[in-house]
1. I'd like the accessible area for Met358: 1.4 Å probe, protein heavy atoms, all chains in place, Å² to the nearest 10.
2. Can you give the local net charge around Val395? Use residues other than it whose beta-carbon is closer than 15 angstrom to its beta-carbon, Lys and Arg +1, Asp and Glu -1.
3. Do you know the relative contact order of the chain, to the nearest whole percent, from alpha carbon pairs under 8 angstrom that are 6+ apart?
4. Would you mind checking the pairs Lys34/Lys277; Lys162/Lys307; Lys46/Lys171; Lys114/Lys162; Lys114/Lys166 and listing those with alpha carbons more than 29 angstrom apart?
5. Based on the mean of other Cβ atoms within 10 Å per residue, sort peptides 22-35, 329-342 so the most packed one is first.
6. Can you tell me how the range 40-163 classifies by the Cα gyration tensor, rounded, prolate or oblate, using a/c under 1.5 as the rounded cut?
7. How charged is the neighbourhood of Ser132? Take every other residue with its Cβ under 12 Å from the Cβ of Ser132, and add Lys/Arg as +1 and Asp/Glu as -1.
8. Out of all Cα-Cα pairs in the chain, roughly what percent, to the nearest whole number, are more than 38 Å apart?
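The values are calculated or read from the model by the stated rules, or taken from the named source; none is laboratory data. Keep in mind that what you see is a predicted model, and the values were worked out from it rather than measured. Neighbour counts are summed over all protein chains in view; Cβ atoms, including those assigned to glycine, are modelled from backbone coordinates with ideal geometry. Accessible surface is based on the protein model in full, side chains and every heavy atom, while ligands, DNA and RNA are left aside. Shrake-Rupley method; radii C 1.70, N 1.55, O 1.52, S 1.80 Å.
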Amino acid sequence: MNIPKFFIKNWQFTICIFLLLTYWGIQTFMVMPKSEDPLFSIPQYKIVCIYPGASPGDLEELVVQPIESALGGLTDIEFIKGDIRDGIAVVQIKFTQDVDEDKKLDEVQQQVNKVIPRLPSGIRSINVDQISINDVNILQYALISEDKPYREIEDMAYEIKKSIEKVGGIKEVSIDALPKQQITVNVDLSKMATYNISLQNISNAVKSESSNIPGGYLDVSTNRYNIVTSGEYNSAEAVQNTIIKSSEGKLVYLKDVTDVYSGYELINYYARYNGEKAVFISINQQDGTNIFNLTEQIEKQLTPYYKSDNGIRLEKVFDQSQSVSHRLSGLYRDFIIAILLVLITLLPLGTRASVVVMFAVPTSIFIGLILLNLAGVSLNQFSIVGLIIALGLLVDDSIIVVENIVAKLRKG
């Protein structure tokens, strides 16, 4: 069977096929994932160990070496390296690209779990995380107020975070440059001496009062009720009223020997946006989502906050969709130039030839989009560059082929 002859003879069928592919390609372009960078992961992991007060030498000997020795028994390793600073150690391990990432993550976690019992008891935390190049902020907002306290900004920031998390396709919403609240207790040594109270007494009283202890249950007739106790402090006043001891039949409260007040932790850095005090809200998107749809939905959620009159101003700091839109605009521009170039070049050879090529070039691009989407590739800066290069090749080849066909037809 002569395939080209079949499609030329049944030209109505051929046109229907091309129209169907064009429609499919347009639909694919509308719904396929769009992002700044290609979405792919790498088999690289990091083990972060927090050991307050430990020197780099102690961390090297007591933490890093045991972890590296345990990880060294795994296969397909590309490299293992450590980064040690005061109180913190980070061990990175990377495997060859052809391994199963989830399986290797489990293997790394298992090896670390085996080592943990042999590590010092003073370690505060040890976590295993996979390194990903896809954890890039697509949007960032700033809550700005020079006179409002951080407490009010914090309340609004968490309201906005909850609103954004309602949008499907959000991977993470983080709040940055917001100091943590804390309650400060300043002891009065002279008063402590009067009541014969030590720092250990105060520490034990606060710890015991803030602990959640199971209360058991209470049987009433045929019913059993669970007893729930909560020792969590909810205000500075509650801390002040903590009982330390009983002295001569009189209760001694924490407020009798200390000054208690609520505030914020020691601020090591300040965030500014255009010179004003600010707190930042950053947003990551999930893999395989459309950045334009995501940005539009988030903006709808934030519309009421833009109009807020509580003295805290919401402004958009960064929008990655603008960069993606700029790259797509370049593709649109080159596409129009290609069509015009084909029209001008091939029109002297006949209207029919130029129209056929003008129809075939965009159809070829749409077929490429269909195949990209079926392969799970998003429309990003790399695939857009590839499409632009392919567009140039299509225009060159179409002109050469049509000229060759016309030349052979003239020769009979």
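1. Rounded to the nearest 10, the figure is 60 Å².
2. Numbers: positive: Arg333; negative: Asp334, Asp396, Asp397, Glu403.
Surrounding charge for Val395 is -3.
3. Numbers: 559 pairs, mean separation 99.9, N = 412.
Relative contact order here is 24 percent.
4. Working: Lys34/Lys277 34 Å; Lys162/Lys307 18 Å; Lys46/Lys171 20 Å; Lys114/Lys162 38 Å; Lys114/Lys166 39 Å.
Beyond 29 Å between Cα atoms: Lys34/Lys277; Lys114/Lys162; Lys114/Lys166.
5. Values: 22-35: 16.4, 329-342: 14.7.
For the peptides 22-35, 329-342, the packing ranking is 22-35, 329-342.
6. oblate
7. Details: positive: Lys46, Lys171; negative: Asp37, Glu101, Asp129, Asp135, Glu172, Asp287.
Around Ser132, the charge tally is -4.
8. Details: 45120 of 84666 pairs.
That tail contains 53 percent of the Cα-Cα pairs.
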